[in-house]
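The values are calculated or read from the model by the stated rules, or taken from the named source; none is laboratory data. Remember, it's a predicted structure, so these values are computed and weren't measured experimentally. Virtual Cβ from ideal backbone geometry, glycine too; neighbours counted across all protein chains shown. What goes into the accessible areas is simple: the full protein's heavy atoms, side chains included, and nothing from ligands, DNA or RNA. Shrake-Rupley method; radii C 1.70, N 1.55, O 1.52, S 1.80 Å.
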Amino acid sequence: MSQDTEAIRDISADVLRRYLAMHGWTARSFTERKLVLFTLPAEGGDDEIEIVVPTAMDRERALPSIRAALETLSQLEERPLVDLAMDIRSIAFDIIRSRVPDEYVRQDTIELKLAAEFIESMRALLGSTATTELAPGKYFGRTRKEASDYASRCRFGHTFRGSFGFVVESPVGLNDEPTMAGVPQEVPFARRVVQRLARGLGAVQRAAKQDDPSPITQEYQAGLSANMCDDLVDLVERTGLAKLRIGIDLSPEWQAPDGLQDRSEFSIEIRHVDLLRAAARTLRADEVKRPAHVVGRIRTLETEGNPADLLQDNSDREIIVNWDSQDHGLIRVRIYLAPEDYLSAVEAHKAGRFISVRGILEHRGRTWTLAAPMDFSVLPGE
């Protein structure tokens, strides 16, 4: 199947009709034939260009008419059919475009690790943005299931030409209610998520200009939470990109709210990381340290001392435990142990046993630490 055919198969007749109406085509219905004739004055004004679009056919029967319409549009707009099809299909989506700097691109490709890290980081960012929108606040404990479901429904679209870029499509659907100036509409949840992300990215730009995190921390109710700040830092650090341009195109099906444009572009850079971390610390300033009972399997052990003389060496002895907590989900908790407990942890790690330990849970940035650990024990195996 050719690339053109594959792109056309994703276009519904309903979306195509909306695209034509948005671009000045005039519709005339032929209900008995289940068709709509769209016309556009040709240059010079004497003739009209005609495109016929089906209204009530199944997708397979409508496909030839849709292909003919797109081929006509492709010639009129003088651009590739695949690019045109992408624009038409995106009417039902808000689009998040991320452009990778040219120095990371080799013969129109990038390293697979960079692509994988970007997708995972962007998915986490969308999930934290959706959770913040569900319960606006300075921070939250764990990503909500509804937010994870939303992030999973987003689609990874075609990369765009001219430079290497990722496209994420957030589904907002078609608006069947008339849009009237000055009359607010109940916009879809997915649109509210993307609006929050756009406002938050705008606050980052202002914070960078002022070299002050205040624009981020003062606008958290409509913008970034501490978790979103952490995920933006992750996006930069995990991909290793010194600079990433993020563009947001809001679907024309839904009105952009005051203060937001239909199309906007932002820049997230390595130099913004300190500002984002400072904003996250400020937003979490009232997060209470509280007692916790950690039960889980040890992920890693580390000590800078002599492994053969752990009881006499005074170096730090650190373990990281995977803990599925009720409030925060699956997190990795760093714990510093006394020599005897560390030796027990080594044996537990060898045997794949769970450990149990109590202490005070602290959260700094993306790091969880259990301070003042006590009652360390290795749980019996099954």
Quick check for me: using +1 on Lys/Arg Cβ and -1 on Asp/Glu Cβ, what's the dipole size of the chain about its Cα centre, in debye to the nearest 20? 740 debye
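Run the numbers on the chain and let me know its relative contact order in percent, using alpha-carbon pairs under 8 Å that are six or more apart.
Value for the chain: 13 percent.
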Could you work out which residue, out of LEU174, LEU283, LEU112, moves most in a Gaussian network model of the chain, that is, has the largest mean-square fluctuation with Cα springs under 10 Å? LEU112
For the charge dipole of the chain, defined by +1 on Lys and Arg C-beta atoms and -1 on Asp and Glu C-beta atoms about the Cα centroid, which residue among PHE376, GLN195, CYS229 has the Cα displaced farthest towards the positive pole? PHE376
Tell me which lysines have Cα within less than 24 Å of LYS138's Cα, excluding those fewer than 8 residues away on the same chain? LYS209, LYS289
Along the dipole axis of the chain (charges at Cβ: +1 for Lys and Arg, -1 for Asp and Glu; origin at the Cα centre), the most positive-end residue among LEU174, ILE355, LEU260 is ILE355
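Full extension from ALA68 to LEU114: what is 0.36 nm times the residue separation minus their Cα-Cα distance, to one decimal in nm?
Gain on stretching ALA68 to LEU114: 12.7 nm.
Can you tell me what percent of all Cα-Cα pairs in the chain are more than 34 Å apart?
Pairs farther apart than 34 Å: 45 percent.
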Over the range 226-304, what is the relative contact order in whole percent, taking alpha-carbon pairs under 8 Å and six or more residues apart? 35 percent
For a Förster distance of 30 Å, can you work out the FRET efficiency between the beta-carbons of ALA42 and GLU186, rounded to the nearest 0.05? 0.15
With a Förster distance of 41 angstrom and the Cβ-Cβ distance between ASP262 and GLU304, calculated FRET efficiency to the nearest 0.05 equals 0.15
Calculated from DSSP helices alone, with each H run of at least 4 adding -39500 (n - 2.57) and the total divided by the residues of the chain, [θ]222 nm to the nearest 500 comes to -12000 deg cm²/dmol
Going by amide H atoms built from the backbone, whose H comes under 5 Å of the H on PHE164, apart from near neighbours? VAL100
Mean accessible surface per residue for the chain, computed with a 1.4 Å probe while every protein chain stays in place, in Å²: 54 Å²
To the nearest 10 degrees, the tilt of helix 59-77 (Cα long axis) against the first principal axis of the alpha carbons of the chain is 80 degrees
On a full-extension model of 0.36 nm per residue, what is the gain between LEU330 and ASP316, subtracting their alpha-carbon distance, rounded to one decimal in nm? 2.5 nm
To the nearest 20 Debye, how big is the dipole of the range 193-294 about its Cα centre, given +1 on the beta carbon of each Lys and Arg and -1 on that of each Asp and Glu? 300 debye
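Calculate what fraction, in whole %, of the accessible area of the chain sits on carbon and sulfur atoms when a 1.4 Å probe is rolled over the protein chains.
Using a 1.4 Å probe with all protein chains present, the chain comes out at 47 percent carbon and sulfur.
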Taking the Cα centre as origin and putting +1 on Lys and Arg beta-carbons and -1 on Asp and Glu beta-carbons, what dipole magnitude results for the range 230-271, to the nearest 20 debye? 260 debye
Could you sort 208-215, 122-129, 15-22, 58-65 so that the peptide with the highest average Cβ count within 10 Å comes first and the rest follow in order? 122-129, 15-22, 208-215, 58-65
For the chain, built as a Gaussian network whose Cα springs stay under 10 Å, the top-fluctuating residue of GLY137, GLY24, GLY329: GLY24
